[in-house]
Amino acid sequence: MKKYLYFYNYAPNEQAICEMEFKQLFHEKMISKYYLTHQCFDYTRSVFIKGRLDIIKSSNDFDEIIQYIKDKKMCYYEFKVIYLKNEITHVEYQESLEKCRQIAFPIDGSVNIQNPEIIFAITKLKDIWYFGIYHNQTNWNEYYEKPYSYSHSLNIRDARTLVNIAVGHDLSLKVVDPCCGIGTVVLEALSMGIDIKGFDINREVSYQARMNLEHFGYQGEIIQKQDMRFLKEHYDVVILDIPYGVYSPFTHQQQIDLLKGAVSLAPVITLVSHIDMNEDLIKLGYRIIDQATIQKGNFLRYMTKAIQQ
Ligand SMILES: C[S@@+](CC[C@H](N)C(=O)[O-])C[C@H]1O[C@@H](n2cnc3c(N)ncnc32)[C@H](O)[C@@H]1O
């Protein structure tokens, strides 16, 4: 039996990037917003996962689930039962309420609708009913109020997604963000327990990035003022949010120089750019693994993952 059911949600302009993240995390193609799997994944890492149902019992016969609860003599205090709507199988509102009531009835203990300690959930996908414990706490927006931010920073959703695309499920990888700006990506990676270093050539920006880190209890020295082209250390993955030349002049040749610098840093790159740089990456010996774009107003960004051949 598949043990976990993940509920995805994304804005229409985020679908491609969500699918790219999914592929890097689970190594398969995303086919629906409801993902049944054996893999227990920290769903709070992805901004697209609304919640995870840890399945206790599934069956095409609802009464079998009720019987299971009775047989197990389930007893929980301060619980509630909810119905999880989905876009695949519609269950009428009244019926969904009735199913919740039927589930709650044989569970011993006490109900707490306002502040439950445990949330049981039921849903129906195609012909199958799924019953389990639902987790939907998100903590990924805890870095929203940074002391310093600036106009060309990535937003938290994109930064978090970028980190997931860069490392996949392997949180032990050593990561570098060599053009880290005020440290948005670095903070998100640190929140997932990833070993990451950040660099920025700009004195003021790198100082502000260190202040941001310290504000959230991390060591400021994780970020240093340095020109990335002269970094010597080696990492597993480089996340490069390349200067766009939108707010201040930055030529294509300067961007290529930064890409050249990235080659010696790590065998894998996750690049954010405002133009398609696939040809440049290929000339530098990379193979493109995956790519998606995010359109925000008039602003288009490419996220590209590539590996050195
Ligand atoms: C697009 S911004 C990065 C924004 C960052 N991801 C954030 O969310 O704050 C690019 C950054 O690259 C830095 N930069 C430009 N050339 C650099 C170099 N040679 N070495 C290190 N940093 C550089 C700029 O100072 C700028 O802060």
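The values are calculated or read from the model by the stated rules, or taken from the named source; none is laboratory data. Keep in mind that what you see is a predicted model, and the values were worked out from it rather than measured. Positions of Cβ are backbone-derived with ideal geometry, glycine not excepted, and every protein chain shown enters the neighbour counts.
Table for the structure above
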{"quantity": "Which numbered condition Gln15 misses (of (1) touching a residue at least 12 places away in the same chain (Cβ under 8 Å); (2) in a helix (DSSP H, G or I))", "calculated": "(1)"}
{"quantity": "From the options Ala262, Ala292, residue that is modelled with pLDDT of 95 or more and either part of a strand (DSSP E or B) or surrounded by fewer than 17 Cβ atoms within 10 Å (Cβ to Cβ) (or both)", "calculated": "Ala292"}
{"quantity": "Criterion: among the hydrophobic types (A, V, I, L, M, F, W, C) and touching a residue at least 40 places away in the same chain (Cβ under 8 Å) - qualifying residue of Phe22, Phe62", "calculated": "Phe62"}
{"quantity": "Per-region count, segment 154-185, residues of a type in the set (A, V, I, L, M, F, W, C) and more than 9 Å from the ligand (Cβ to nearest atom)", "calculated": "9"}
{"quantity": "Test for Gly193: is it of a type outside the set (Lys, Arg), exposed (fewer than 13 other Cβ atoms within 10 Å of the Cβ) and more than 13 Å from the ligand (Cβ to nearest atom)", "calculated": "yes"}
{"quantity": "Among residues of segment 295-309, those that are closer than 22 Å to Cys18 by Cβ and modelled with pLDDT of 95 or more, counted", "calculated": "6"}
{"quantity": "Residue check, Phe131 away from the ligand (no atom under 16 Å from the Cβ) and assigned to a strand (DSSP E or B)", "calculated": "yes"}
{"quantity": "Of all residues making up segment 20-75, the number that are polar (S, T, N, Q), more than 15 Å from the chain's Cα centre (by Cα) and under 27 Å from Glu188 (Cβ atoms)", "calculated": "3"}
{"quantity": "Test: residue in segment 154-175 that is assigned by TED's automatic domain parsing to the domain that holds Leu240, under 30 Å from Val263 (Cβ atoms), assigned to a loop (DSSP other than H, G, I, E, B) and more than 21 Å from the chain's Cα centre (by Cα)", "calculated": "no"}
{"quantity": "Residue within segment 196-204 that is surrounded by fewer than 24 Cβ atoms within 10 Å (Cβ to Cβ), within 11 Å of the ligand (Cβ to nearest atom) and in contact (Cβ under 8 Å) with a residue 60 or more places away in the chain present", "calculated": "no"}
{"quantity": "Where Leu240 falls short, out of the listed (1) over 28 Å from Glu145 (Cβ atoms); (2) crowded, with 16+ Cβ neighbours inside 10 Å", "calculated": "(1)"}
{"quantity": "Boolean, Gln291 is in the same structural domain as Val167 (by TED's automatic domain parsing) and within 15 Å of the ligand (Cβ to nearest atom)", "calculated": "no"}
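Here is a yes/no grid of residues against (1) over 23 Å from Leu171 (Cα atoms); (2) more than 9 Å from the ligand (Cβ to nearest atom):
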position: Lys225; (1), (2): yes, no
position: Lys232; (1), (2): no, yes
position: Tyr235; (1), (2): no, yes
position: Gly245; (1), (2): yes, yes
position: Gln253; (1), (2): yes, yes
position: Leu258; (1), (2): yes, no
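Rundown of residues vs (1) out of contact with any strand residue (DSSP E or B) (no Cβ under 8 Å at 6 or more places or on another chain); (2) surrounded by 20 or more Cβ atoms within 10 Å (Cβ to Cβ); (3) hydrophobic (A, V, I, L, M, F, W, C), yes/no style:
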{"residue": "Trp129", "(1), (2), (3)": "no, yes, yes"}
{"residue": "Ile133", "(1), (2), (3)": "no, no, yes"}
{"residue": "Gln137", "(1), (2), (3)": "yes, no, no"}
{"residue": "Asn141", "(1), (2), (3)": "yes, no, no"}
{"residue": "Pro147", "(1), (2), (3)": "yes, no, no"}
{"residue": "Asn155", "(1), (2), (3)": "yes, no, no"}
{"residue": "Asp158", "(1), (2), (3)": "no, yes, no"}
